[in-house]
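Remarks on the structure that follows.
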Amino acid sequence: MTDTPTTATGTSAPKRLFIKTYGCQMNVYDSERMADVLRPLGYAPTDVVEEADFVILNTCHIREKAAEKVYSELGKLRQLKEAKDGGLTIAVAGCVAQAEGEEIMRRQPAVDLVVGPQAYHQLPELLTRTARARGERIAADFAPEDKFDALPTGRAVEGVTAFLTVQEGCDKFCTFCVVPYTRGAEWSRPVAAVLAEARDLAARGVREITLLGQNVNAYNGEGPDGRRSSLAHLAAALAEIPGLDRIRYTTSHPNDFSDDLIAAHRDLQQLMPYLHLPVQSGSDRILRLMNRRHGRQAYLDLIDRIREARPDLALSSDFIVGFPGETDRDFEDTLDLVRRVGYASSFSFLYSPRPGTPAATMAAPVPDEVARSRLHALQALLTNQQVAFNAAQAGRTLPVLFEKRGRHSRQAIGRSPFLQSVHVDDADHLIGRIVEVEIVSGQQNSLTGRLPVATEDAMPPLRQRATASRAVGATPA
């Protein structure tokens, strides 16, 4: 994902906070919550790093050369700190902080705080200690329940969509992945805590939430009766919250896709017809080397079962190209799987070794030029499928949740049920509402729509309407 500056929200104050977020949606959520815990200390937002009194780099260890990017950014911040004569506090948070720990402090003494993903609720205390005497500066090992219990209620939200973390950690131990080492074992928030946060978001005008977890469909949070709740049961409970009209979730593992979750896609109107389900490779041999614990046929069978329940479902996935030992035949198996499934969108990456993971010690690395050639071929196929899926929406009518103003006068941008960005002219008065939109055309990354002539404000909430949108999707070829 693109590295994006994230800022806190609050009233005017002499202290300024700048957060740069790397990586996944869970990091975006964590950045929002870090801003929340610092707001009572008087930190107001800035998107200009030179204005900041406190800079946080919220890091991700998944992407290629993640740590090097952080150290490069820290070098620039060190110069800024020197120019401010020391009047700048610098913190490194997130997964690189968890993985590198003391090494960050050793390599870049300008860093004042290193905070792992489970400890950012301690930022006020750590910041106070640092300001007083540069005391304890490493906080990386805390239980996730401690973090969520310590977070303030009443999140600062902007707009009508929001992320909501419900699960953290992963027990799958894919050989290429650092998440089990940086985020820890799988842990699910209690149902009551999730519902309370969701109700608060809905009361603040949020109409769509995306449930987050490193392995979100492994969710098994404790319910009010003491029993464990599945993600499907949680989604059903969330669907009862007034004003909450759309529910999404990411990221899932094929091995944890339960029958009741498949049924929820069939029966639960608020659950949007979009699913991100990473497969990583279409080769059984490579899947075994990755320790994915499922084969290509099991994945294909699962897709068939989900699509039988929800025929218009738009699918997305992740792919790694050039995994150690990958042959031309293995790569052809991946292309074949992509052709069989047909994806509305996907993410694909060159394999990059992560220190401490089993794959980093595997032999038979794929030559860089071969891996890049394969990646280009895969991305060309995935792009063609995405373009075809978007183009197939032309002439249809889709319910669009308008989120923000567009670049042009009176233009508004919203999201279709399939997570496509939809641009509509003369619609800025409909921001925050769900409106039926006629799709004029589909481009690679967005749709162009127009309001029907008879449109009067917004349509009723999704739960009050028939499931007409289920007939408007198109499965890419």
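Here, each number is a calculation from the coordinates, and none is a lab measurement. The shown structure was predicted, so the numbers you read here are calculated from the model rather than taken from an experiment. Virtual Cβ from ideal backbone geometry, glycine too; neighbours counted across all protein chains shown.
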Select from region 217-310 those GluC sites (Glu not before Pro) which occupy a DSSP coil region and have at most 15 other Cβ atoms within 10 Å, ordered by residue number.
Glu240
Placing unit charges on C-beta atoms (Lys and Arg positive, Asp and Glu negative, everything else neutral), compute the dipole magnitude of region 264-412 about its Cα centre in debye, rounded to 20.
580 debye
Mean Cβ-within-10 Å packing, highest first, puts peptides 403-409, 288-294 in the order 288-294, 403-409
Rounded to the nearest 5, what % of the DSSP beta bridges within region 201-320 are antiparallel ones?
10 percent
Three-way shape label, region 22-115, alpha-carbon gyration tensor, a/c 1.5:
oblate
Tell me, how many Å apart are the Cα centres for region 422-437 and for region 294-341?
35 Å
From phi via Karplus (6.51, -1.76, 1.60), per-residue ³J(HN,Hα) for region 220-226 in Hz, x at Gly/Pro:
8, x, 6, x, x, 8, x
Give the peptides 354-361, 112-119 in descending order of average Cβ contacts within 10 Å, highest first.
112-119, 354-361
What are the residues whose amide H is under 5 Å from the amide H of Lys15, where those residues sit 5 or more places off or on another chain and H is modelled from the backbone?
Ala44
